[in-house]
1. Which of (1) over 19 Å from residue 101 (Cα atoms); (2) at pLDDT 80 or above is the odd one out, the single condition residue 31 does not satisfy?
2. Can you name every residue in the range 146-200 that is within 23 Å of residue 300 (Cβ to Cβ), open to solvent by 70 Å² or more (accessible area, probe 1.4 Å) and touching a strand residue (DSSP E or B) at 6+ places or on another chain (Cβ under 7 Å)?
3. Report the residue count in the range 130-176 for those that are among the small types (Gly, Ala, Ser) and assigned to a strand (DSSP E or B).
4. Just to verify a result, which residue in the range 340-368, among those that are more than 12 Å from residue 316 (Cβ to Cβ) and out of contact with any Gly (no Cβ under 9 Å at 6 or more places or on another chain), is modelled with the highest pLDDT?
5. Does residue 378 meet the test of being touching a residue at least 60 places away in the same chain (Cβ under 8 Å), open to solvent by less than 10 Å² (accessible area, probe 1.4 Å) and of a type in the set (A, V, I, L, M)?
6. Take the range 309-331 and flag every residue that is within 28 Å of residue 416 (Cα to Cα) and either open to solvent by less than 40 Å² (accessible area, probe 1.4 Å) or modelled with pLDDT under 95 (or both).
7. Is it the case, given these coordinates, that residue 385 is surrounded by fewer than 17 Cβ atoms within 10 Å (Cβ to Cβ), among the β-branched types (Val, Ile, Thr) and either without any contact (Cβ under 8 Å) to a residue 12 or more places away in the chain or more than 23 Å from residue 256 (Cα to Cα) (or both)?
8. Taking the stated definitions as given, is residue 2 among the charged types (D, E, K, R) and either open to solvent by less than 90 Å² (accessible area, probe 1.4 Å) or at pLDDT below 80 (or both)?
Amino acid sequence: MKIKKLQAGALQLTIFISVVIGIILASFILLMQLHKQFEVQTSFIKETVNNAQSGIDYALINDMVLNDSTFLNIYDEEYKTLSLYKNYWGIFEKVTSKSKIKKQSFIKTALIGTSQSDNNRTALYLKDNKKPLILVGNTKIEGTAYLPEQGVKPGNISGHSYYGAQLIYGNIYKSRDLPKFSSELLNHLSHYKTINESHFIDMGTDRAFANSFTKPKKQIYSTGDILLTNITLNGHIEVVSETKIIVDTSAVLNDIVLMAPEIEIKDYVEGAFQALANKNIAVGKQCRLHYPSALVLVPKKESNDDELNSPITTKQIDIGDGSEITGTVIFYGKTKPNNFNPQLIIRKESIVKGEVYCSSNLELKGRVYGTVFTSDFVAKESGSIYQNHIYNGNIIIKELPAQYVGISFEASNKGIIKWLY
């Protein structure tokens, strides 16, 4: 019997084919493992994002401790964590939800306020001061109105009567005191200003700054006046002056907060920011402040005053002709008895799209597309002052989108104003 020898070349080919098959099989197994790991990682990423959203949803329906972290239990699995942190940005709640699964993490930050119900939205809430509301000229109130027991009447100013077909274009209910802000918000407004030198911005080195809301806030601070001109500020930035802030037309401001005793916004300024003052806020002509801007004046508490605010009549918010504010306008303070001066003025052709809250006298010459909460109206015409009169002012709730979210009141439904970056 002859033994046939296999040629060396054939043996090498067999070995080569075996090696190639082995490599292919190993690669396939490795690919399957990588694919499985990729599926797990993708699942973790999706779950991490969903958990972060669940944290925001939790904050919308539950009370949380201010300036402290809240940890939520997720299926009792130690490698999954979800923490929430609540503080304020300007007058609005800011909630940061941080979700983590092993090495995957995701952060969502939301600005939160109060939303009105879709049905029967309030156009006007006038405190019951035992005086009727008087409408004159081309005034129009459209939507649900809460009025004093004395109701609403047509009036006359300088020969001009009321020209509407009916007094209130909507349902009328009896009012009482103005809706209350949350005690947490009031306490925050009383102790808001904090200075942190380690986070100061040097405006001498650059004129454009951006800061994410996932990072500590930055500050521009001065003991004197601050003029914001030829500068761009975006994000988690506060501008704080011990005297006055002036916003020039050349300034580009988005999502920042201004704080000073006096704030002056020049003509034609455009941006989206919050302005918090305790003496005066003046908005020039033809300004455009986009949602969710806020103008807030809370007079400083005096040492001899046992209320939140001192009784002063000279402090006011003045919105110039043709300006448009989309967001919130608030004057919150006491005034002296027999005060006939306006603490909040919305001038001719100016528009507020959102909510106006005035705990004193409001002079409405322009339009509010949304809701007005006020203690009193005044109209200054031809050298005379008319109490609880509206002259050529409009309040129309249907022009405000149902999705609008604004002022935080006690026992109110919360909603997301915007997602922060």
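1. (2)
2. Those that are within 23 Å of residue 300 (Cβ to Cβ), open to solvent by 70 Å² or more (accessible area, probe 1.4 Å) and touching a strand residue (DSSP E or B) at 6+ places or on another chain (Cβ under 7 Å): 180, 193, 195.
3. So in the range 130-176, the residues among the small types (Gly, Ala, Ser) come out as 137, 143, 145, 151, 155, 158-159, 161, 164-165, 170, 175.
Adding the requirement that they be assigned to a strand (DSSP E or B) leaves 137, 145.
Total meeting the criteria: 2.
4. 357
5. Values: touching a residue at least 60 places away in the same chain (Cβ under 8 Å): no; open to solvent by less than 10 Å² (accessible area, probe 1.4 Å): yes; of a type in the set (A, V, I, L, M): yes.
Taking the combined requirement at face value, the residue does not satisfy it.
6. Start the filter on the range 309-331 by keeping residues that are within 28 Å of residue 416 (Cα to Cα), which leaves 317, 319, 323-331.
Of everything in the range 309-331, those that are within 28 Å of residue 416 (Cα to Cα) and either open to solvent by less than 40 Å² (accessible area, probe 1.4 Å) or modelled with pLDDT under 95 (or both) turn out to be 317, 319, 323, 325, 326, 327, 328, 329, 330, 331.
7. Numbers: surrounded by fewer than 17 Cβ atoms within 10 Å (Cβ to Cβ): yes; among the β-branched types (Val, Ile, Thr): yes; either without any contact (Cβ under 8 Å) to a residue 12 or more places away in the chain or more than 23 Å from residue 256 (Cα to Cα) (or both): yes.
Yes: the conditions hold for residue 385.
8. Working: among the charged types (D, E, K, R): yes; either open to solvent by less than 90 Å² (accessible area, probe 1.4 Å) or at pLDDT below 80 (or both): yes.
Yes.
The values are calculated or read from the model by the stated rules, or taken from the named source; none is laboratory data. From a predicted model like this one, the values you see are computed outputs, not experimental measurements. Here the Cβ is made from the backbone with ideal geometry for all residues, glycine too, and neighbour counts use every protein chain on show. Protein only, heavy atoms only, side chains kept; ligands, DNA and RNA dropped before computing areas. Shrake-Rupley method; radii C 1.70, N 1.55, O 1.52, S 1.80 Å.
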